[in-house]
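**Q** Below are the structure tokens for one structure; questions will follow.
The values are calculated or read from the model by the stated rules, or taken from the named source; none is laboratory data. No experiment lies behind these values; they were computed from the predicted model shown. These area figures cover heavy atoms from the full protein model, side chains too; ligands, DNA and RNA do not enter into them. Shrake-Rupley method; radii C 1.70, N 1.55, O 1.52, S 1.80 Å.
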Amino acid sequence: MEKELEYILGAMDYEIFYDWSEFARDQLKVPRFLELDPDFPAKLRTQFAELLQSRWMSADDYERLTGVSIDSDELLYDFLGRAYRFIFEGENPDDPPYPPQSD
């Protein structure tokens, strides 16, 4: 997993979960990140899009990385797709995506 993608996905844990979507968007504009790597936002967008296309991460992988349990890969990718559109395309700016509750 590329470091930019791991960084954002790793930030989707329960401790900051209800702020993570804004956090993820804000990280794309942090001057320190842009100073270290001006291509950070573009790299992250590409890596996130590749994850959505290839679907290489399982719900179990996601839980190991974030501590957030999602019942199926289908629900995971529905959530990640909404997260991608929220972060990169500005979809539903007042309604950030949250993962489905695990049974």
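**Q** Roughly speaking, what is the stretch gain from K3 to L34, that is 0.36 nm per residue apart minus the C-alpha to C-alpha distance, in nm to one decimal?
**A** 9.7 nm
**Q** Separate question: Solvent-accessible area per residue for the stretch 25-103 at a 1.4 Å probe radius, Å²?
**A** 59
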